[in-house]
1. Here is a check on your reading of the model: is K96 of a type in the set (K, R) and within 21 Å of Y149 (Cα to Cα)?
2. So, L121, is that one crowded, with 16+ Cβ neighbours inside 10 Å and closer than 22 Å to Q33 by Cβ or not?
3. Filter the range 179-208 for residues that are in a loop (DSSP other than H, G, I, E, B) and at negative phi; which is farthest from the chain's Cα centre (by Cα)?
4. Considering each of V213, V268, V240 in turn, give the residue that is in contact with a strand residue (DSSP E or B) (Cβ under 7 Å, 6 or more places away or on another chain), closer than 28 Å to Q292 by Cβ and of a type outside the set (D, E).
5. Go over the candidates N203, N216 one by one and state the one that is loosely packed, with under 15 Cβ neighbours inside 10 Å, farther than 18 Å from A141 by Cβ and either touching a residue at least 40 places away in the same chain (Cβ under 8 Å) or touching a Pro at 6+ places or on another chain (Cβ under 7 Å) (or both).
6. Only one of these is out of contact with any Pro (no Cβ under 9 Å at 6 or more places or on another chain), modelled with pLDDT of 95 or more, among the hydrophobic types (A, V, I, L, M, F, W, C) and not assigned by TED's automatic domain parsing to the domain that holds Q172: A280, A276, A272. Name it.
7. Going by the structure shown, is L65 under 28 Å from the mean Cα position of the chain (by Cα) and assigned to a helix (DSSP H, G or I)?
8. Considering only residues of the range 124-157 that are acidic (D, E) and buried (at least 19 other Cβ atoms within 10 Å of the Cβ), which is nearest to T192 (Cα to Cα)?
Amino acid sequence: MFRKNFIMSLMENILILFIIASVFYTSQSLQTQKTIYVPQGSITNIISQLHKKGYEVSPIDRYILSFLGQPQSGWVDIGAEKLNRVDFLYKLATAKAKMEEITLIPGETALLFFEDIASTLDLDASRLQHYYDQHADYPEAGIYADTYYVPFGINEEQLIAFLLKESTGQFQKISQKIYGTYDKKQWLRILTIASIIQKEAANTEEMPLVSSVIYNRIKKGMPLQMDGTLNYGKYSHIKVTPERIRNDKSRFNTYRYKGLPPSPIGAVSFDAIIAAIKPAQTDYLYFMKNRQGTHDFTKSYRTHRRNIQKAR
């Protein structure tokens, strides 16, 4: 009887010590980062890799983590830099991928967009441009103007692949709905017209009117003579001056060359695409920005000249 009581008492003491040790172990503070990278693989591999990277985790933690759940691989948002062990492991098991928001503004060129997101996401702008040139269907406007959410830590090739896939999906959806098909050659023309509309129109209401001017001038064999076509590439935000018009010998200079530029001049929005596909039915050939910041449209060159004088 004495022996039985002794063994039971010993086991109770061991259990109490185990509980105390467990509480002490799991309540220990761990230094972490708000965002950490979780490698792919088993929980054992995750714990091992985190330990190699300096996190104070041990083989015991794989048992606790197995109970809490399988962590999501990639960059995850832990949310704090100091947690007790059990909170850290719980966060590890339940944390969602950290996402970054990037926005391509309608009218912006790929060159400046890549420079901006390279700075935001700590990437290489030249590598972004390289992968875009390698995989995009269009020299410009291959990425649809929109806001995107991308995983933190994404590399240049992955980012371009994602943006092009999402954008092509949007283009195909619009084209299929209107034309019943998606033809890249036809879509290049649509994107080119849409990109000019995007640069020239003061607002979405004007877009179909600007579109009508483009189509009317092309139909009559008139040069477009639109400043926006010279805001390509690095010139996206550069004011077009008479000197620039005289000296720019590229096909984007629609004062020098008739017809459309060889490719789009910037990213386009849904409204610009629809305006390019469905221009307003007008006989307008000219438009001039007025003092209110919108445009006066006319079919008469004489009236256009008067509008220029009024604007001045």
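The values are calculated or read from the model by the stated rules, or taken from the named source; none is laboratory data. Keep in mind it's a predicted model, so treat the numbers as computed, not measured. Virtual Cβ from ideal backbone geometry, glycine too; neighbours counted across all protein chains shown.
1. Considered against the rule, which asks whether it is of a type in the set (K, R) and within 21 Å of Y149 (Cα to Cα), K96 comes out as yes.
2. When the stated conditions are applied, L121 passes them.
3. T181
4. Every option except V213 fails the conditions.
5. Details: N216 fails: loosely packed, with under 15 Cβ neighbours inside 10 Å.
Exactly one residue qualifies, and that residue is N203.
6. A276
7. Against the criterion (under 28 Å from the mean Cα position of the chain (by Cα) and assigned to a helix (DSSP H, G or I)), L65 does not qualify.
8. Going through the qualifying residues, I end up with E140.
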